[in-house]
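The values are calculated or read from the model by the stated rules, or taken from the named source; none is laboratory data. What you see is a predicted model, and the numbers here were worked out from it, not measured in a lab. Backbone-built Cβ (ideal geometry, glycine too); neighbour counts: all protein chains shown. Calculation scope for accessible area: heavy atoms of the full protein, side chains included, ligands and nucleic acids excluded. Shrake-Rupley method; radii C 1.70, N 1.55, O 1.52, S 1.80 Å.
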Amino acid sequence: MIPLRERIVRKAKEKAVESLHELTTNQNNRSLNTDKTVNNSLANGKRNNRSYKPFSEQNQISEEEHSEEEHENTPKKTPRVGRKPLQTTTTTTNKTKSNTKSRKETTITNLETSDSDNSTNLLFNQVFSAQVSTQTIVDDWIELYKKDRQTAMLDLIKFIVRSSGCKSAHMLSNKEILRTKEFAECINDLIDHFTDDDDPTSGEVYPLIQNSVQARRFKSNFSEFLQLLINQCQYSIIYDQYMLDILITFLIALADSQVRAFRHTATLAVLKVMTALVDVLLSLSVLKDANQRQYNNEKQKSQVKRAHDRLELLTNKRKEIEENEEEIQNFINFIFKAVFIHRYRDMCPDIRCVCINEIGEWMKKCPSKFLDDTFLKYIGWTLYDKIGECRLKCLQALQPLYDDENLVSKLELFTSRFKNRMVEMSLDKESDVCVAAIRLLTEIISKNDSALEDRDCENLYELVYHSNRQIAQAAGEFLNQKLFVKIENPVIEFRRGKKQSENSNFIQLLVQFLIESELHDHPTYLVDAMWDTHPMLKDWQCMTDLLLEDPVNQEDVLSDTHERYLVEIMNCCVRQAATGEYPVARRQGNRKLTTKELKQIQDDKIVLTQHFIQFLPDLLNKFIADSEKLVFLLEIANFFDLNQYTLRRQEKNLERLLKLIQEIVNKHNDSEVLEKSSLCLSYLCDEDQGIYSKCNVIRSSILDDLVQKFNEAMQKFEELTEVDETEMFPLIISLKRLSAFAEHHNIVNYDIINNTFTVLKWAVFNEGFNLDFVNKAMNLARSFICWNLNKLDSEMETRDPDASINQALIDYVSKISKKYYKICNKLFVNDNPNIEEEAYFELCDLLIMFNVNLGKLHDGLYKPLVLECSVNEINLLSVFVMNNSFTPEALVEKADTAENIEKLHKRRSILAAFCKLISYNCVPIKYAAEIFRGYSKFSNLYNDIIKSLLGNCREISKVNTARTIALALQREYIEAINTLQNRSTDSVAKLTRSAPEFSGLKELARKFSLSFGPEASVKSREAIMTIHQEAIQYASEPPARGNQAPGNLPFLEVVIDFSYRLSAQDKKNILNELDKMFAKRANKIEENNWHPYYTYRMSLMEDSGAVEKAQNVQSVQNEQSLANLTEQENLTPGKLNRKRKLNNSINVSGVSRLRQSLNFERSRQIDKTIPEIEENDDENYEQNSHVDSTTNELEILKLSSIQKSGGRITRSGALMEKNLGKRSRSPLVSNNSINESTDQNTILSSTRIGEPKVTAFRKKLRSSIGISAIGDIDEDEIQSPAKRNRKSDENEKNENSLIHA
C-alpha cells in the first residue's frame, strides 16, 4: 500500500494539474460540435426523467452498446445543457402491468457483474473497525472510481445497505440499476430478504441505534466518511453528472422505505451528504469572491498593462463557478424537499433528531441561506415534540445561533414567536431539556435584556432551589446574568478608610434576593446553585467587612435582617468550600471527589481558616447577644484546619475563641446555641492536634461548672415543698446546658445519674412538668449510660487476656440501664402525648442498644446487660405505632405544607423505630403482621420502610415471615368482613369479588407474592408452602354444620396469587392437603358457597387432565348424593327429574362443566374490541403466565369472564372470525375486529384457534418496520413486490393518506 504522506502529495499534484487543465481548456470544451451537444442534451433529458422500475426488469443490451456507453460516461467534464433538479416518480399500476408484460415477451439477460461482495464487506469493515483512517478509505474509493466508476458506485450503495444492518447487499450487484436509476424494486427485494437470510434481530437493532462503544464509533465514522468523500470529490467528480446523481437518487428512495433501519440509515447519509454540499457551496462562494477580486484588480489596470487573456480566463472561471454553485444549490434544494420535509416529522424519534441536528449545522455554516423563517419554523415546531431527545436537539441547534452576535438580529421574529415555549421548557420533565432551555434563555437575555418579561424571569429565578443540581446551576447562571452582570457597582466607603471589595453590592443584592424569595430555610441551595458562577461567594474579606465595618453613608448600613441572612449565607459558603458536599436533596448516590476537587477543597479550607482565625472572635464578640447569628458563627469553627493555629502562631486568637465559647455557654440558655457550642468545643478538643491541652482545660472548666450548678439546683429542688416554674428555672437551665455537653463530652467521672433519675421519677408521679424539662433529663440519662458502656467496651478491648474483668462496671451499667428502662416504661403511659412519644423513642433506643446480640460479645460477659421486652410492653409499643402511623388522617393529608411534612416525618420515624426492633430481633416477627397490613394501603407513605422490614424478616426466618404474611392477610380479611357487616343490613355478610374490600385484599396478596421474587419456587419454596398451609387451615374455620361451606372459605381466593409461585410437585402436595380438608364435603354441595374452593383448586391443577379427572369424580359423587337425598327427602318423580337435570348440567364436558361449577354466566353479546391474538404471543403469555397454558378449558373460562366484564383478551387463540379470509387490508380498519353475528357457542367451543403461524422473519419485521409511512404494516405489506403491486387503488389511497399522520 502507498504510504499516506506520498498519497497526499500525489493527490495535491493531481488536483493542481487538473485545475490548470480546466482553466486552459474550458473554452475548448464548450465549443464542441452541435451534434454531440444535442446527443448530450437527449441523454441528460433521459436521465432527469427518472422513474423507479422493478429490479428484475432489465433490457437486453449488447456488449458493444455497453462498451460505448461506458466510454460515453467516462468521468470527464461534460457541457451543461440547462440541468434540471433531480426528480423521482413512483411507479404507477398501469406502468407496472406494462413492464410485467414486457418482461414476459423479452428475454432477460444479466449484465456482467463484478464480484464486489468482498469489496463491500471490506469497505464496511474498514469503516466499522476504524483500523484504517477515513482519509485512506476515501482515497482508495476515488482511485477505484477513476478506474471503474460503476463498480465503485455499487460498492458505495452496498456499503450503505450493509450499514443499515442488512446482509443481503450482494443482491445489488447488477450494474443495470446504475443506468436506469430505478431503485424501488431493488429496495422491495431487500425488504423481502432483510431477515430471511440474516440475523432475525438485525432489523430491530441495527448499527446506528446500538449502544456499544464500537457502534457509536461506527456512527461517527459513517458520517465522517460520507462528508469527507463529498469534500474530496468537490473539484471534479461531483460535477460529472453520474456519481452524485446515483448516490442521492438511491438515498432518497431508501429514505422513503417502510423499514426503519433503511429509513434511518438513508436519512442520516443523505443529510450528511447535504451538509458536505453546504461546505462545498461555501468553498465555491469563497472562490467566487476571490475570482471577483482578481477580475476587479485586473480590470482596474491600464489598457496597456491589462491582460485580455487573463480577463477572459477569469470570466470563464467565474461562469464555471456560478454553474457549479447553481448545480450544488439544486442538489441541496432537492434533498431538502425530498427528504427533510418528510423525515423531520417521522414517527421514529432518532430520525427526527438527525434532521434537527443537521438543519442546525446548516444554519450555523450558511446563515445567509438557511437562517430565515422558512427553515427556522421546523425547529420551532419540533420544540413541541413529545420525545425529550428531539426537544433537546432543537435547543442544542439554537444555542450556537444565539451565541453569535451577528445572527441575533435574524432571530428576533423567531424569539418573539417561540420564547413562551422556551420558558415552558425550563420546567420540562426531562432534566437535560430543562438545563438546555435555561441556558438558551440566558444567552438570549445576554444579547437582549428586555427579551423576557419580569414574570418569566421570576419563574426562572425560583429554579435555583430546584433539587436537580444541573437545573439549579443553569438557573444560577441565568440569575447571575440578569442581576449581577450589568449592575452598577459603586464603591462603599467605610469610616476607617478601608478599601471595600467590588463584590459588596453583589453580596447585598444576593441577600436581598434571598429575603424576597421567601424561602429563608434554603440558603444552602442558593449558594450551591451559584457556587461555580460568581466569585463573590469566596470573598470572605468582603463578607466580614460588611458585618464588622461601619460605612460612611448610612444608606449602606445593613439591617438586622440583612445581617442575619448574610451570616447564614457566609456559613453555607464556608461549608461548601471546606467539604465540597452538595445539599441533601442534590446529593448523588456514590459520588466520589476527584483528585483535582480534593486539592481545591484543601486549598479553600486553608484560605478560609487563615481568614476566620482572626475575624471569627470579633464576629462572636459583636453578636454574642444574638442567638440566631451565634448558631451559624459557631458552626464555622467546625471547618477549620486546626494545624493553622500552630503553623501561623495564632494561639492568642485560639484563647480568645475559647473564652468566648465559655462566655456564650454561661450567658445563653437556647438549646441550639448550647448544642453548637458543645460541637465547636468538641471539634477543637482533638487529641491529635497541638492545641488539645489548651482546649481540654477550658472543656474541664466548663463541665465542672455545669455539674456544680446542676447539683446545687437539684438540692434546692428537693427542698421545695411546692413545685413552681419560677423556682424550677435554675434546674431547667442547668439541665439544658449539661445535657447539651453530655452528648459530645465524656461525663462518666461525674456523679449525676442519681439526680437525673430523681427528676424523672418526679415527672412520673407528678403532672404539669415542662416537656423540655423531661426531654433534657432523658437525654442526660441516656448520654450517661452510653458513655459508661463506651468505657466498658474500651476496657474490654484493651485489657490483657490474663487480667481480671471489671465486673463492678458491668453490674453498674446493667443496674442503671434497667432502672432507666423501667422509668421510660412508666413515662410511656403518661397522659401527655409529647412525653409519651419521647419515652417511646427512648425505649426503642434502649432495646436496640442492649439487644440479644450484645450478650454474645466477649464470651457472654455482656449477658447481664441484655434488656428483655415483655409481651405486654411489645403490645403497648405496637398499639402506639398503629395509633400514630396507620391512621385514616395519614391517608388524607397531603405533604404540601410545612406542618403536614413535619407530621409525615414524625409518623415515619415512629414506624421506623418499631421496624428496627423487629429487624434486630428484639421483637418477634409475628408483631410485624399489623405493619404488613398497610403494605398496599399505605404504600405511598411507608413503602420503602415496609419493604426493607420484609427483607430483614426474611433474613431472620423465611418460614416465620411467611406465617406473618398469612396472619396479616387473615386480619385484613376479618376487617373486610366486619366492614361489610357494618355496611350491610344482612345478618351474615359475604365477601364477594365485586366488593371493594376484596379487591384491596387481593392487591395486598399480589404485592406480597411479587415480593418473593422470580425464583420463589426455588429460593422460598418452604415459605410459599407455609402460606398455603396456613390459608387452608384458616379457611376450614369455623367448622360448619353438615356439608355447609366454612365461613372463612372465601379466604382461599385471596391466596390464589401465591399458587403461581409453587412448583409442580408442591402444587400436588397442596392439592392433596386441600382435598383431605374439603373434598368429601364440597362434592356433595350444589350451591355457590363453595366457589372459592373450586377457584383455588383450579389454580393448583397442572393440566387439563387433572381438571377433567376431578370434574368426572365430582359428577359421579353428585349422582350418588342425589340418590341419597332422594331417599332422605322422599322426592316425587317430577322433582327428582328436575333435580337430576340440574345436576347433569354439571357433567357437561369441557367449558360448560367448569363454567357452571363456578357459576359463570354466559354473556349475550361479544365485545367487538376484543382483538385476535397471534399464536405463541410471548409478551401476552408472560402477562398471564399464572394460567396453565395446557388447560384449554381454563382459557375459555378466562375468556368468558373477560366477556362478562367487558375487558380485553390477553391470551392467544381464544377467538376467531367465521371468515378469516375477509380480513381488511386497510391500516385504518382493525384486522382483529369480531363480527357481531358470530355464533357464541361456536366461539366457546373452539379452543386455541388463531391466525396461521407466520414466519420468524415476518414476526421480527413487524417491530422493525418504520412507522413514518403507514404506522405498523400488515402481512400483505411484507409480501413480495409483485403481490403488493396488485393491491387495489382504494387501499393505496388509504395508505398514502396515512403518510406522516
Cut-off under 5 Å, modelled amide H: who pairs with V259 long-range: G1266
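Calculate the FRET efficiency for M347 and L647 from the Cβ-Cβ distance with a Förster distance of 56 Å, rounded to the nearest 0.05. Intermediate values should be presented prior to the final figure.
Working: r = 68 Å, r/R0 = 1.21.
With R0 = 56 Å, the Cβ-Cβ based efficiency is 0.25.
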For W762, solvent-accessible area (1.4 Å; no DNA, RNA or ligand), Å²: 80
Cleavage-rule hits, trypsin sites (Lys or Arg not before Pro), segment 890-936, DSSP coil, Cβ neighbours within 10 Å at most 10: K894
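If you average over every viewing direction, what projected area does the convex hull of the Cα atoms of segment 286-330 give, in nm²? Before the final figure, lay out each step's value.
Working: hull surface 11.7 nm².
Answer in nm², one decimal: 2.9.
Calculate what fraction, in whole %, of the accessible area of segment 261-368 sits on carbon and sulfur atoms when a 1.4 Å probe is rolled over the protein chains.
Numbers: 2130 of 4420 Å².
The value for segment 261-368 is 48 percent carbon and sulfur by accessible area.
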Residues E797 and S559, FRET efficiency given R0 of 51 Å [Cβ-Cβ distance, rounded to 0.05]: 0.40
Computed FRET value (nearest 0.05) for S450 with K386, which takes r as the C-beta separation and R₀ as 35 Å: 0.60
Rounded to whole Å, sorted largest first: equivalent-ellipsoid semi-axes of segment 903-1014, Cα gyration tensor: 27, 16, 13
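Could you look at segment 999-1064 and say what percent of its accessible area is carbon and sulfur, using a 1.4 Å probe and all protein chains? Intermediate results must be reported in sequence, preceding the final value.
Details: 1360 of 2810 Å².
After summing per-atom areas, the C and S share lands at 48 percent.
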Rounded to whole Å, sorted largest first: equivalent-ellipsoid semi-axes of segment 998-1040, Cα gyration tensor: 22, 16, 4
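Would you work out what percent of the accessible area of segment 749-871, with all protein chains in place, is carbon or sulfur (probe 1.4 Å)? Intermediate values should be presented prior to the final figure.
Values: 2970 of 6070 Å².
Heavy-atom surface of segment 749-871 belonging to carbon and sulfur, 1.4 Å probe: 49 percent.
So for segment 759-801, what percent of the C-alpha to C-alpha distances run longer than 15 Å? Kindly include the intermediate steps, with their values, before the conclusion.
On the way: 505 of 903 pairs.
In whole percent, the share of Cα-Cα pairs in segment 759-801 beyond 15 Å is 56.
Just the ratio, please: alpha-carbon radius of gyration of segment 217-376 over 2.2 N^0.38 Å, N its number of residues. If you can, show how the numbers build up before the last one.
Details: Rg = 18.9 Å, N = 160, 2.2 N^0.38 = 15.1 Å.
That ratio works out to 1.25.
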Mean accessible surface per residue for segment 661-777, computed with a 1.4 Å probe while every protein chain stays in place, in Å²: 48
Taking segment 167-309 and dividing mean pair separation by its residue count, relative contact order in percent (alpha carbons under 8 Å, at least six apart): 21
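How do the peptides 723-732, 619-628, 296-305 rank, highest first, by the average count of neighbouring beta carbon atoms within 10 Å per residue? Walk me through the numbers on the way to the answer.
Details: 723-732: 14.1, 619-628: 16.4, 296-305: 9.2.
Ranking, from highest mean packing down: 619-628, 723-732, 296-305.
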Label-point separation, Q399 to E143 (7 Å along Cα→Cβ), nm: 4.2
Per principal axis, descending, Cα span of segment 801-922 in whole Å: 63, 27, 27
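Quick one, can you get me the convex hull of the C-alpha atoms of segment 504-622 expressed as volume per residue in Å³? Intermediate results must be reported in sequence, preceding the final value.
Values: hull volume 13.2 nm³, N = 119.
Output value, Cα hull per residue: 111 Å³.
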Within segment 767-863: Cβ-based charge dipole about Cα centre, in debye rounded to nearest 20 (Lys, Arg +1; Asp, Glu -1): 280
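First obtain the Kirkwood hydrodynamic radius of segment 718-821 from its Cα pairs, then insert it into the Stokes-Einstein equation at 4 °C and 1.567 mPa s, and state the resulting D in µm² per second as a whole number.
On the way: Rh = 15.2 Å.
Approximately 85 µm²/s, per Stokes-Einstein.
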Per residue convex hull volume, Cα atoms of segment 255-310, in Å³: 74
Net length gained if the chain between A808 and R983 were fully extended (0.36 nm per residue, minus Cα distance): 56.6 nm
Karplus (6.51, -1.76, 1.60) ³J(HN,Hα), θ = phi - 60°, over segment 252-264, in Hz, Gly and Pro reported as x: 5, 5, 5, 5, 9, 6, 7, 7, 5, 4, 5, 5, 5
Per residue, in Å², the accessible surface of segment 251-399 once ligands and nucleic acids are set aside, probe 1.4 Å: 40
Virtual spin-label span in nm between K926 and V485, 7 Å along Cα→Cβ: 7.1
Farthest toward positive dipole pole in segment 234-333 [+1 Lys/Arg, -1 Asp/Glu at C-beta], among M243, Q292, A269: Q292
Rg/Rh for segment 611-728, where both radii come from Cα atoms and Rh is the Kirkwood radius: 1.06
